[in-house]
Amino acid sequence: MDRTGAWKLMGVRLMKVDVAIIGAGPAGLSAAATIAGRGLSTAVIDEGAEPGGRLLGQVHELPAADGTTHLWNGPRVAAELGADATKAGARFCLRSVVWGLFPGWRIVLHGQGPQEIEARYLVLATGAMMRSLAVPGWTLPGVVTVGAAQMLVNHHRVLPGRRAIVIGIDLLSLAVAQQMSAAGVKVEGVVMPPPGPLAGEASEPKRVVDELLRLATWAPSSGVRLAGRLLHGHRASDLVASVFPRGGIKVWDIPVMPRRAALEIRGNDTVHSVVLADLTTAAEPDMRTAHELEVDVVCTSSSLAPLTELPEIAGCTLSHIADLGGYVPLHGPALETTVETVFVAGSVTGVEDAPTAILQGRLAGDAVAHAAGRISDAEHHAHVEQVQTELADARRHALPLYPRVREGRALLAELWRQAPSRGMDRVSSKEV
Amino acid sequence: MHAGRVQQHPILGPLPDVPLVTFTFNGQPVQGRDGESIAAALWAAGIRVIRYAGRRREPRGLYCGIGHCYECRVTVNGIPNLRACMETVRANLAVEGGPDRGVEADGGTTHEG
């Protein structure tokens, strides 16, 4: 904590700054460096013990634009972004939970730093959280989200278990299954959630197979690693849901089974087993195939939801954009919101990856510096255009968690153009 | 059940040296790596049940791992309702699971605590 200077704040009750940034993930950290770099006093607030947010658990190989792969070392990126922000003069309030936000802005905290922060501008970089996947038995100790499993393996260096099953087939669950496997966990398979209204589309084999094919054939070259494994020995045209092998196909040597679902998780005090069954072509479990598989950890994966409580409390208009993960604060091209002194960055604006969040942090930081009169209109507009170009480029090469993120962004831009007034009403994309 | 540590990480390499500290969980000594989360230390020690919730005393433990779900609530040095996934391990901490007294006290009207 010393390297972030947080110790200097011990015992301080009220802290006055130009800008408060809530969330010390990739977006908040890059916004902090940009804003403090313009000479504005900046506080970065996070409830974690160290800066980085979800970066701390992200250690994986990413497909590169040139067809090769490169390592993504989240903890290292977090350390670099944190050092940049500190060097620029940003101050950190870690282990601090925001429990109140009042116009002015007054931010009320619980934690080891100041109890209250007064700021002229806010950057809300709160990120996203994983929705729960309701499988019978999901509250048993030993059932964790894939996000928790990722933090255990990569951040805490704790083995989640010896034998694991992963429920929910998507990009994130496949990545975490691979990370667990590489760390020494025997991953018995990545299977579907139980069919039913709670699981929705994620329990339809056809949709999941389509999603796998999207991942496998992602243009131009980003998906090579997955494609090579997924399509090995198969023609893409063979991999339709109705003939997809019941036993799944192996991706990174892990069986991925869009035609098998977990029906129940069993155990007394902790996870002991999971009940699996094949799905019929009508996406119903074939109970004749039901069987029990012993595992000591179950990882569940569902969609991610932007964490919009603080933008909502601040009075920002929210819009429902399913392709961005749900409700997001309505925002403009410079990440300004419907509330003049509030800016947003990162997954709270729509669920995307860390490189995108870092660029968005720069963009929001620049917008704050402009609002505070630290940079001219001309310079600001040039920056917005430049970072927007970089964002578009990053999105072309990224393998998005949400397949239609670009459509979601376009819809949001349209809603922003149409925004009639500033207020607290929720504008639903369904109403447009 | 006791799966232990990722000694050799495929990308990050060998487990870094971090001082071990001893704290107690429900009175029993547990060793953790200084500064890691209480939840991580408990999991590495093979302890998964953190508390028993609600009228049916259902076991609960680490779930989301990032401070959102509040399933891993513990009492640390007498301060109740802290999240084991957010609180860090230090020597001589006294950690207890729960409490879930609020649920019992009101006759179980709260949904599963």
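Since every read-out is calculated from the coordinates, none of them should be taken as a lab result. Remember, it's a predicted structure, so these values are computed and weren't measured experimentally. In this analysis, Cβ positions are derived from the backbone assuming ideal geometry, glycine residues included, and neighbour counts consider all displayed protein chains.
So the values come out like this:
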item: A:VAL44 long-range amide H proximity, modeled H, under 5 Å; result: A:ILE21, A:ARG91, A:PHE92, A:CYS93
item: Filtered chymotrypsin sites (Phe, Trp or Tyr not before Pro), segment B:1-75: DSSP coil and at most 16 other beta carbons within 10 Å; result: B:TYR70
item: Vicinal HN-Hα couplings computed from phi for segment A:316-333 (Karplus, 6.51 cos²θ - 1.76 cosθ + 1.60; Hz; Gly/Pro x); result: 5, 6, 9, 10, 8, 10, 4, 6, 10, x, x, 6, 9, x, 4, 9, x, x
item: Label point at B:GLN7 placed 7 Å out along Cα→Cβ; residues across segment A:131-169 whose backbone nitrogen lies under 17 Å; result: A:157-162
item: Other-chain or far-sequence residues with amide H under 5 Å of A:THR280's (modelled H); result: A:ASP286
item: Prolate/oblate/rounded label for segment A:330-387 (Cα gyration tensor, a/c 1.5); result: oblate
item: Amide H partners (placed H, <5 Å) of A:VAL251, local residues excluded; result: A:VAL256
item: Table column - 3J(HN,Hα) (Hz), segment A:45-60, Karplus curve with 6.51, -1.76, 1.60, x for Gly and Pro; result: 10, 8, 7, x, 7, 9, x, x, x, 5, 4, 4, x, 8, 10, 7
item: Residues in segment A:17-36 that a label on A:TRP99 would reach, taking backbone N under 13 Å of a point 7 Å out along Cα→Cβ; result: none
item: Estimated vicinal HN-Hα couplings, Hz - segment A:302-311 in sequence order (Karplus 6.51, -1.76, 1.60; Gly, Pro = x); result: 9, 6, 9, 10, x, 8, 9, 4, 5, x
item: Segment B:16-102: translational diffusion in µm²/s, Stokes-Einstein, Kirkwood Rh over Cα pairs, 10 °C, 1.306 mPa s; result: 125 µm²/s
item: Rounded, prolate or oblate (a/c below 1.5 giving rounded, otherwise prolate when a/b exceeds b/c) for segment A:50-178 by Cα gyration tensor; result: oblate
item: Cα-based shape type of segment A:261-324, given that a ≥ b ≥ c are square roots of the gyration tensor eigenvalues and the cut on a/c is 1.5; result: oblate
